[in-house]
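Have a look at the structure below, then the notes.
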Amino acid sequence: MAQTTETLELGGRWPEAIPLEGLIAIMLVVLAAVTVALIAAIPIVLVLMERKVSAYFQDRLGPTRVGPWGVLVTLADGIKLLFKEDLIPPQADKLLFRLAPYVVFGSSFAVVAVLPPFQSTVIGNLQLGLFIYLAVSSLVVLGIIMAGWSSNSKYSLFGALRGAAQIVSYEIPLGLSALMIVMTAGTLNMQHLVMDQVGGIHHWYMFRHPFLFVGAWIYFISAIAEVNRTPFDLPEAESEIVAGFHTEYSGLRFAYFFLAEYANVFVVSGICVALFMGGWSSPIPGFHAIPGIVWFVGKVFVLVFMMMWIRWTVPRVRVDQLMAVCWKYLLPISFVNIIGTGVVVLLEREQLGVEIAGMFIGVGALMWAVAPVMLLILGALAFSGTEPVARRSPAVGG
């Protein structure tokens, strides 16, 4: 009887042949394990970088004892977390309490698959790569709410609601900034977006026209708020709500939240590099001596350094200032950028049919985006008369 599947003989070592499908499955599992191990090393490197950068800005040495120049101190902290006792509050929802760290950790690491670190037909070459990033990264909000609500603590719940409101709010200008790139390039494939910027720094989307330049900075500011970094770290304001949504977590589950935060820092910087800064392409025209992955990682670490620079320089804002920056400034500017980018794209097109189609698509997308904002504005106007009266300071001396 003829075999229905292809097989691979292993030189007579094993009595039975291994189906080709099984061999491919084993290879995929090994590749996935190696990839996860490499990705898990990224937060360790970023934590060490954060400690060194903060020490530089505060005029101190930072870690110096564990390993040469203190490079093993983060690894030692990770081993310490592995052996810490895993505590669960007695009144917590144990299923959701256990599940929340994995939701945040999994969604943060899954979006690494859409990053294009070098020119490849396999890695980062998804037709809907940018859409997958926006969709999967939004699951972090679900994990944060699960962690805060299941802890059965008012401080954790307060921090979770703060985090959810902040992330959902800043996802709008971030998504609109990414939409500007889609309008310009006409694709959601991350590799195609990078290939359209090959040829030097003057070909980067960031420098195509002023609307994209402003959009790049809006994306970067929104990304800082997305990953809860200072000055937008209200969900983890220790002086007000202890430590935020992960107050009740300890041990390895807390480590998952910690790793996810720094993985998000790397991912949002990598997406910003791919969208606005040429990705793996060289900023020098015709200079190809340095591999693309070196350019990509170098650009990412420049943005990560800027985030750390801002964290150790700018003080934390209040929660009302946090929301005002998004809804009163970044969102209106993003709408203007969308309209301006649409006009530029229409002027660059040559066929009238494409212009009309793009106009209708742009108007439809704008109406879809404006509708919830108008509802929020109407709701704010409806409750504008319910603001509390400012409390007077007590008189001194009776």
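Across segment 141-191, what is the total count of residues that are on the phi > 0 side of the Ramachandran plot and either touching a helix residue (DSSP H, G or I) at 6+ places or on another chain (Cβ under 7 Å) or in contact (Cβ under 8 Å) with a residue 12 or more places away in the chain (or both)?
Total meeting the criteria: 1.
Out of all the residues in segment 76-90, is one or more at pLDDT 85 or above, surrounded by fewer than 16 Cβ atoms within 10 Å (Cβ to Cβ), over 28 Å from the mean Cα position of the chain (by Cα) and part of a helix (DSSP H, G or I)?
yes
Hey, does segment 98-112 have a residue that's surrounded by 17 or more Cβ atoms within 10 Å (Cβ to Cβ) and on the phi > 0 side of the Ramachandran plot?
Within segment 98-112 (the criterion being surrounded by 17 or more Cβ atoms within 10 Å (Cβ to Cβ) and on the phi > 0 side of the Ramachandran plot), the answer is no, since none of the residues qualifies.
Would you point out the residue of segment 119-141, among those that are among the β-branched types (V, I, T) and in a helix (DSSP H, G or I), that is surrounded by the most Cβ atoms within 10 Å (Cβ to Cβ)?
V140
Of all helices (runs of 4 or more DSSP H) completely enclosed by segment 183-270, which ones contain at least 2 residues that are over 17 Å from the mean Cα position of the chain (by Cα) and of a type in the set (F, W, Y)?
Of the helices (runs of 4 or more DSSP H) lying wholly inside segment 183-270, those with at least 2 residues that are over 17 Å from the mean Cα position of the chain (by Cα) and of a type in the set (F, W, Y) span 210-226.
Would you confirm whether or not segment 146-164 contains a residue that is closer than 30 Å to S281 by Cα and in a helix (DSSP H, G or I)?
no
Inside segment 84-101, can you point out the residues that are touching a residue at least 60 places away in the same chain (Cβ under 8 Å) and out of contact with any helix residue (DSSP H, G or I) (no Cβ under 7 Å at 6 or more places or on another chain)?
Result: L87, P89, Q91, R98.
Test each condition in (1) touching a Pro at 6+ places or on another chain (Cβ under 6 Å); (2) over 27 Å from M190 (Cβ atoms); (3) assigned to a loop (DSSP other than H, G, I, E, B) for G279 and report the one that comes out false.
Tallying (1) touching a Pro at 6+ places or on another chain (Cβ under 6 Å); (2) over 27 Å from M190 (Cβ atoms); (3) assigned to a loop (DSSP other than H, G, I, E, B), G279 fails exactly one: (2).
Looking at (1) outside any helix (DSSP H, G or I); (2) at negative phi, which is the only condition G286 fails?
(2)
Within segment 235-245, can one find any residue that is in contact with a helix residue (DSSP H, G or I) (Cβ under 9 Å, 6 or more places away or on another chain), over 19 Å from A164 (Cα atoms), in contact (Cβ under 8 Å) with a residue 60 or more places away in the chain and surrounded by fewer than 23 Cβ atoms within 10 Å (Cβ to Cβ)?
no
Enumerate the pairs (first residue in segment 259-278 and more than 16 Å from V194 (Cα to Cα) and free of Cβ contacts under 8 Å to residues at least 40 places away in the same chain; second residue anywhere and surrounded by fewer than 24 Cβ atoms within 10 Å (Cβ to Cβ) and among the hydroxyl-bearing types (S, T, Y)) with beta-carbon separation below 9 Å, excluding pairs fewer than 6 apart on the same chain, so at least 6 apart or on different chains.
Qualifying pairs under 9 Å: none.
The values are calculated or read from the model by the stated rules, or taken from the named source; none is laboratory data. The structure presented is a predicted model; accordingly, all values stated were derived computationally and were not measured. With ideal geometry, Cβ positions are generated from the backbone for all residues, glycine too; neighbour counts draw on all protein chains shown.
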